[in-house]
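In what follows, a structure is listed as structure tokens, so that the remarks can point back to it.
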Amino acid sequence: MSEPLGLFGGTFDPVHYGHLRLAEEAIAQLGLAGVRWIPAGNPPHRGAPQVTAAQRLAMVSRSTADNPRFSVDPAEVEAAAPSYTVLTLERLRAELGPAQPLVLLVGADAFAGLAGWHRWPEILDLAHVAVSHRPGFPVEAASLPTALADAFRQRRLADVGGLRAAPGGGIVTFEMTQLAISATQIRKLLANGLSARYLLPDGVLDYISSHSLYRNP
């Protein structure tokens, strides 16, 4: 069995240091071969992003270019269809084969809402799920909806070594450095003409400035 590959999807509107740190710490703590970033082209569970899918893809590409263990998957941006995680995993299974361990990276808040995702039980069969959480605030089954809590108890792996033992099906949690940064916060700062420096990479800030993104009309 080859090393697990991390999958990190999201709107990334815009990508920031919180995203980058999560991916970096996931590699170290979960023993991943790398992380494939998958910007959503047409996210069905939220309002339309303020910038185009191509612009969000460009910002992710800029922010990850200097890390050889990061790669960027443009398929969802290039597709016209809604970006459903289960469909992405089916595509990657067809591309990478049935034996490659895949690890879907999600935050604790997103995981708590997993039961509302399209065909969510199939997601747990197609890949492992690694849930990041704040230091001192572990993920507890009691805080999850009933069906998800049952899946969490049944599929939770004793240690991250289990990610290598099967192509998918397990759930692990990992603690990550807490960075109080959000894309919403960054968009508000930029819309009001305030500095977002040190919240996201300079290359992304330069791209935002040169394309006049996130400014109030």
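The values are calculated or read from the model by the stated rules, or taken from the named source; none is laboratory data. Quick caveat, the model's predicted, so the values are computed rather than measured. Every residue, glycine as well, gets a Cβ built from its backbone with ideal geometry; the counts of neighbours run over all protein chains shown. When the accessible area is computed, the model is the full protein with side chains, heavy atoms only, and any ligands, DNA or RNA have been set aside. Shrake-Rupley method; radii C 1.70, N 1.55, O 1.52, S 1.80 Å.
Let me check I've understood the local charge: for VAL15, count other residues with C-beta under 9 angstrom from its C-beta, Lys and Arg +1, Asp and Glu -1. What total comes out?
In short, +1.
At a Förster distance of 25 Å, what's the computed FRET efficiency of GLN154 paired with GLN29, Cβ-Cβ distance as r, to 0.05?
0.65
What accessible area per residue, rounded to a whole number of Å², is obtained for the chain using a probe radius of 1.4 Å?
Dividing the accessible area of the chain by its residue count gives 47 Å².
So which trypsin sites (Lys or Arg not before Pro) in the stretch 1-70 pass both tests, a DSSP loop state and at most 16 other Cβ atoms within 10 Å of the Cβ?
Those satisfying the criteria are ARG46, ARG69.
Just to confirm a number: summing +1 for Lys and Arg and -1 for Asp and Glu over residues other than ARG215 whose beta-carbon lies under 14 angstrom from that of ARG215, what do you get?
With Lys, Arg at +1 and Asp, Glu at -1, the net is +2.
Please list, in order along the stretch 79-84, the HN-Hα scalar couplings obtained from phi with the Karplus expression 6.51 cos²θ - 1.76 cosθ + 1.60 (θ = phi - 60°), rounded to whole Hz, x for Gly and Pro.
8, 8, 6, x, 8, 8
Modelling each spin label as a point 7 Å along the Cα-to-Cβ direction, I'd like the SER143/ASP66 distance in nm, to one decimal.
Going from the SER143 label point to the ASP66 one covers 3.4 nm.
Using only alpha carbons, build the gyration tensor for the stretch 106-217 and give me the equivalent ellipsoid semi-axes, biggest first, whole Å.
That gives 35, 15, 14 Å for the three semi-axes.
Taking θ as phi - 60°, what are the ³J(HN,Hα) couplings along the stretch 20-25 by the Karplus curve (6.51, -1.76, 1.60), each to the nearest whole Hz, with x for Gly and Pro?
So the Karplus estimates, Gly and Pro as x, are 5, 5, 4, 5, 5, 6 Hz.
If amide H atoms are built 1.01 Å from N in the plane of the peptide, which residues on other chains or at least 5 residues away come under 5 Å of the amide H of VAL72?
It is TRP37, by chain and number.
Can you pull the one-decimal nm distance between simple spin-label points at ALA94 and ASN192, each 7 Å off the Cα toward Cβ?
4.7 nm
At 20 °C and 1.002 mPa s, what whole-number value in µm²/s does Stokes-Einstein give for the translational diffusion of the stretch 161-210, with Rh from the Kirkwood sum over Cα pairs?
152 µm²/s
What percent does the relative contact order of the stretch 48-127 come to when contacts are Cα pairs within less than 8 Å and at least six residues apart?
Result for the stretch 48-127 is 29 percent.
With an 8 Å Cα cut-off and a minimum separation of 6 or more residues, compute the relative contact order for the stretch 1-138 in percent.
28 percent
Pairs of Cα atoms under 8 Å, at least six residues apart: use those to get the relative contact order of the stretch 87-201, whole percent.
28 percent
Rounded to the nearest 0.05, what FRET efficiency do ASP125 and ALA75 have when you use their Cβ-Cβ distance and R0 = 30 Å?
0.90
Would you indicate which of (1) 0.96; (2) 0.93; (3) 1.10 is the value of Rg/Rh (Cα atoms, Kirkwood Rh) derived from the coordinates of this structure?
Checking each listed value against the structure points to (1).
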